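The values are calculated or read from the model by the stated rules, or taken from the named source; none is laboratory data. Note that the structure is a prediction, hence the values are computed from the model and not measured. Cβ atoms come from the backbone with ideal geometry, glycine included; neighbour counts cover every protein chain shown.
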Amino acid sequence: MSTFTPFAFVKQPSYVTSNLVLNLMAYDANSYPGTGSVITDLSGNNLTGRISGSVSFNSTGYLNFNGSTNYIYVNDNSLLTLGTAYTLDNYIWVDNYVERWRIVDKWVTTAGGQGYTFSTQVTNGRLFSYVNAAFAGNDLSPNPIGTGAWKQAVLVRNGNSTIFYINGAEFWNTTTNTTAATIDTSVNLFFGYNPINLEYGEGRWAHGRIYNRALTAAEVLQNYNALPFY
């Protein structure tokens, strides 16, 4: 992992850029200058991120979520309705599992469930995902993500295959009980929040990326190696 450069001087890192749908980065001043409530999307799609609540910013390049009012949201857009292959790549620090840490959430209960989510479980911190009405009961990692440390948490879906990665390495690989594309939910996308259950993540947030294809293991590792070291 590379040595961290002060966020104001970060140059374009060598992360994967092909098929990026959304790219919000607290450690790149081109995305977040350190003040305000707007996070610029560096994917080129202009899917602006907005911060809820009075969030504190650490000058090394991350936001502190207080677990009660802070999260990031992106207004609904057709680009965020994903197909049968996509990647959710995030850089977070989880403080606790008092509530589910909704790493990425664009899911509603309509018709039994529509959209997608990538989250930790309450109390035990195991990773899980939903695809539409299918709680991927098999998509529940046997081990917790862990607290008190930076984690690159990645979900790669390709048809009925789901792989979780932590810090560039495969964490859990399973078969999802659906092969359907995600259903358009017409709701916003959230990082660190679920509006249905009013669940707030407590910890730190550095980036959120969405790709409309399944990254390879080598590409997930490439993104990990491009991360700042706090």
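Within region 178-205, the residues that satisfy the criterion of being among the hydrophobic types (A, V, I, L, M, F, W, C) and in contact with a Ser or Thr (Cβ under 8 Å, 6 or more places away or on another chain) are 180, 181, 183, 196. Summed over region 1-44, residues that are at pLDDT 95 or above and either surrounded by 12 or more Cβ atoms within 10 Å (Cβ to Cβ) or more than 28 Å from residue 69 (Cβ to Cβ) (or both) total 27.
Within region 196-211, the residues that satisfy the criterion of being in a loop (DSSP other than H, G, I, E, B) and either in contact (Cβ under 8 Å) with a residue 12 or more places away in the chain or touching a Lys or Arg at 6+ places or on another chain (Cβ under 9 Å) (or both) are 196, 197, 201. Evaluate the following for residue 88: is it of a type in the set (A, V, I, L, M, F, W, C) and touching a residue at least 60 places away in the same chain (Cβ under 8 Å)? Answer is yes for this residue. Of all the residues in region 194-230, those that are in contact with a Gly (Cβ under 7 Å, 6 or more places away or on another chain) and hydroxyl-bearing (Ser, Thr, Tyr) number 2.
If a residue has to be buried (at least 19 other Cβ atoms within 10 Å of the Cβ) and either touching a Gly at 6+ places or on another chain (Cβ under 9 Å) or at negative phi (or both) to count, how many in region 110-135 make the cut?
12
Of all residues being of a type in the set (S, T, N, Q) and in contact with a Leu (Cβ under 8 Å, 6 or more places away or on another chain) in region 149-173, which is nearest to residue 112 (Cα to Cα)? Just the residue, please.
162
May I ask you to verify whether residue 107 is assigned to a strand (DSSP E or B), in contact (Cβ under 8 Å) with a residue 12 or more places away in the chain and surrounded by fewer than 22 Cβ atoms within 10 Å (Cβ to Cβ)? It is false that residue 107 is assigned to a strand (DSSP E or B), in contact (Cβ under 8 Å) with a residue 12 or more places away in the chain and surrounded by fewer than 22 Cβ atoms within 10 Å (Cβ to Cβ).
Every condition in (1) at pLDDT 95 or above; (2) more than 14 Å from the chain's Cα centre (by Cα); (3) surrounded by fewer than 19 Cβ atoms within 10 Å (Cβ to Cβ) holds for residue 227 except the one numbered (3). Within region 159-177, being surrounded by fewer than 17 Cβ atoms within 10 Å (Cβ to Cβ) and either modelled with pLDDT under 95 or outside any strand (DSSP E or B) (or both) holds for 159, 161, 173, 175, 177.
The single condition from (1) in contact with an Asp or Glu (Cβ under 9 Å, 6 or more places away or on another chain); (2) on the phi < 0 side of the Ramachandran plot that residue 173 fails is (1).
Show me the strands (runs of 3 or more DSSP E) entirely contained within region 21-103 in which 1 or more residues are touching a helix residue (DSSP H, G or I) at 6+ places or on another chain (Cβ under 8 Å) and not hydrophobic (A, V, I, L, M, F, W, C).
Result: 85-94.
Filtering region 178-195 to residues that are in a loop (DSSP other than H, G, I, E, B), of a type in the set (A, V, I, L, M, F, W, C) and within 17 Å of the chain's Cα centre (by Cα) leaves only 187.
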